[in-house]
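Have a look at the structure below before the remarks.
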Amino acid sequence: MTTTTPRPIPDGVPERIRHYIGGELVDSADGAVLDVIDPVTNEVYVRAAAGKKADIDRAVAAARKAFTEGPWPKLLPRERSRVLNRVADLVEARDKKLAALESFDSGLPISQALGQARRAAENFRFFADLIVAQADDTYKVPGRQVNYVNRKPIGVAGLITPWNTPFMLESWKLAPALATGNTVVLKPAEFTPLSASLWAEIFEEAGLPQGVFNLVNGFGEEAGDALVKHPDVPLISFTGESGTGSLIFGNAAPFLKGLSMELGGKSPAIVFADADLETAIDATIFGVFSLNGERCTAGSRILVERAIYDEFVERYAEQAKRVVVGDPSEPTTEVGALVHPEHYEKVMKYIEIGKTEGRLVAGGGRPDGFPTGNYVAPTVFADVKPDARIFQEEIFGPVVAITPFDSEEEALALANNTKYGLAAYVWTNDLKRAHNFAQSVEAGMVWLNSNNVRDLRTPFGGVKASGLGHEGGYRSIDFYTDQQAVHINL
Ligand code: NAD
């Protein structure tokens, strides 16, 4: 770990980050706290309450009371929608403050953190709209029977989120869980609790009844584990590593909980020789180096057709060297500091492994001019074989592996040759090939000649080790509601 003098702490950082339970900011029952680190200096800049089972019990009790006795689950969709729209307004009104706090806490470039804050507002606005547009299903057998479906909120939803783009990913779960009338306990990631601490005042100002939103900070093995094992929490929406997902799956099994799992990835970007090379290079640079490479859908393996391979590698490496690494708070920064020294060590270890597995053509360690902080130069390895660890394992940093292919069949086999299946990106001007490739590639989401931009109505999720179940649009409504069939004979 490297250290340096502290940098100015932005306005709005509380003296201490606390839990929010039943409408009150509270400390842990045992007074425990955890250190929160500034990724630029690796100095502790604030402490957060470290929740344990007692705190989760208290939060679940508050959420359960708000569900069974409070107004929220019984409100008309339009009434809940109004509150959600107010949340969106409040997030938009605070977008710069949110971005400043998120960037300070996570090391994300400020310009990208601002985009994520706006996306969080959009998630609330989208589910506010969707819930009022929701049509109840009806099935008729003429002259004999009418069947219709009652949708009901399920109860207390446990929401467990990771440290990458934390505020936006929290909104992705909070918005549909609340829109459908559930009450929630959110357990944000221990590395990045700062932006989550803003939800309490946002929800209070938006008029969400007390006890509907509860927040418990803390470690996954303590607070997260207690939430997963709480008998009064019938559903868990989790985003994080595949290994953690599988552990949670096992821990939730005795309770037969509803589970939504958004897990890791090692997504391929496949560039065919007929692609628009300049656009493909720009997009694949953005695809792995934006958000510091700490992005579940990062295109961290690039498969390139042999005819353009040498030119692609040369141009790609040159462009990777021009990506601006800098202080996360600078508007011109494109890659900031990685979230935490532990994660920095992990990424650096993979870079050393990569030096024995591939040909280093850009980066390869700490960038010049950054002697301290969790900075990693955008790193590119070429000629990476499919059995290499840097081809198979999720690095979750600004590191990319490039591999050549000779035929479409080989490209497909390489694309599918990992345990993951979250996203895939295909670059070709042959539309027939693009659609057929999309059909065959093992990925929950495919972008054809496109950057990673999502329409919120589409399914979001992965196959294989990248996830279980899909959210997005009506699929999120499905996950957060029970569907009761009512049958009537005519
Ligand atoms: P992580 O699995 O270490 O932690 C995620 C959350 O789970 C944290 O809040 C953590 O405290 C909690 N947790 C840890 N152990 C737990 C346990 N035993 N019981 C309950 N909760 C527990 O993941 P991370 O390092 O924070 O995030 C990075 C990972 O998230 C990457 O693998 C990335 O690909 C994945 N991710 C996936 C998506 C997606 O939508 N598919 C989106 C973002 C990130």
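Computed from backbone phi, the HN-Hα couplings of the stretch 446-454 come to 10, 10, 9, 6, 9, 6, 6, 10, 10 Hz, rounded to whole numbers (Karplus: 6.51 cos²θ - 1.76 cosθ + 1.60, θ = phi - 60°; Gly and Pro given as x). Per-residue Cβ neighbour counts within 10 Å put E221, E170, E393 in the sequence E221, E393, E170, beginning with the fewest.
Please give the length that would be gained between V486 and F249 if that part of the chain were fully extended, namely 0.36 nm times their separation in residues minus their C-alpha to C-alpha distance (nm, one decimal).
Gain on stretching V486 to F249: 82.2 nm.
Along the charge dipole of the stretch 254-303, which of P254, N292, F272 sits closest to the positive end, that is, farthest toward it, with unit charges on the beta carbon of Lys, Arg, Asp and Glu (+1, +1, -1, -1)? After comparing all options, I get P254. Within the shell of other residues whose beta carbon sits under 11 angstrom from the beta carbon of G258, the net charge comes to -1, with Lys and Arg scored +1 and Asp and Glu -1. Each peptide in 223-229, 12-18 receives the mean, over its residues, of other Cβ atoms within 10 Å, and ordering these scores from highest gives 223-229, 12-18.
Under the rule a/c < 1.5 gives rounded, and otherwise a/b versus b/c splits prolate from oblate, where does the stretch 332-483 land using the Cα gyration tensor? Oblate, because a/c is 1.5 or more while a/b does not exceed b/c. For Y148 and Q392, the difference between the fully extended length at 0.36 nm per residue and the C-alpha to C-alpha distance is 83.2 nm. Along the stretch 370-377 the Karplus relation, 6.51 cos²θ - 1.76 cosθ + 1.60 evaluated at θ = phi - 60°, assigns HN-Hα couplings of 10, x, 10, x, 8, 8, 10, 5 Hz to successive residues, with x for each Gly and Pro.
With 20 Å as the limit on Cα-Cα distance, the pairs of K321/K355; K355/K385; K52/K187; K65/K152; K152/K257 all stay inside it. A simple rule links phi to the HN-Hα coupling: the Karplus curve 6.51 cos²θ - 1.76 cosθ + 1.60 with θ = phi - 60°, which for the stretch 145-154 gives 8, 10, 10, 9, 10, 8, 9, 10, x, 8 Hz, with x for Gly and Pro. Shape of the chain from the C-alpha gyration tensor: oblate (a/c of 1.5 or more and a/b not above b/c, with a ≥ b ≥ c the square roots of its eigenvalues).
By the count of other C-beta atoms within 10 Å, a proxy for reagent exposure, F396, F213 are ordered fewest to most as F396, F213. Annotation: amide H-H contacts under 5 Å for A157 (H modelled 1.01 Å from N, sequence separation of 5 or more, or interchain): T183, V184, V185. Counted as membrane-span-like here are DSSP H helices of the chain whose alpha-carbon atoms extend 30 Å or more along the helix's own axis and whose Kyte-Doolittle mean is -1.0 or above; these are 110-133.
For the peptides 75-85, 135-145, residues were scored by their other Cβ atoms within 10 Å and the scores averaged per peptide; the highest-first order is 75-85, 135-145.
In this simple spin-label approximation, T332 and D57 carry label points 7 Å from Cα along the Cα→Cβ vector, and these lie 5.6 nm apart. Summarising the amide proton neighbourhood of A269: residues at separation of 5 or more, or on other chains, whose placed amide H is nearer than 5 Å comprise R301, I302, L303, Y425.
Neighbours of A54, meaning other residues whose beta-carbon lies under 11 angstrom from its beta-carbon, give a summed charge of -1 when Lys and Arg score +1 and Asp and Glu score -1. Rounded to the nearest 20, the Cβ-based charge dipole of the chain about its Cα centre (Lys and Arg +1, Asp and Glu -1) stands at 1460 debye. Among L338, S171, A206, whose Cα lies farthest out toward the positive end of the dipole of the chain, if unit charges sit on the beta carbon of Lys, Arg (+1) and Asp, Glu (-1)? Positive-end residue among those listed: A206. Packing, taken as the mean count of other beta carbons within 10 Å per residue, orders the peptides 409-422, 298-311 from highest to lowest as 298-311, 409-422.
Considering only alpha-carbon pairs that sit under 8 angstrom and 6 or more positions apart, the relative contact order computed for the stretch 1-147 is 20 percent. Between N416 and any residue 5 or more places off or on another chain, the built amide H atoms are never under 5 Å apart.
Bridges between two residues of the chain, per DSSP, are antiparallel at a rate of about 40%.
If you take the square roots of the eigenvalues of the alpha-carbon gyration tensor of the stretch 197-293 and sort them as a ≥ b ≥ c, do you get rounded (a/c under 1.5), prolate (a/b over b/c) or oblate? Here the stretch 197-293 falls in the oblate category.
Each value in this text was obtained by applying a stated rule to the coordinates, not by laboratory testing. From a predicted model like this one, the values you see are computed outputs, not experimental measurements. When we count neighbours, we look across all protein chains shown, and the Cβ atoms used for this are built from the backbone with ideal geometry, even at glycine.
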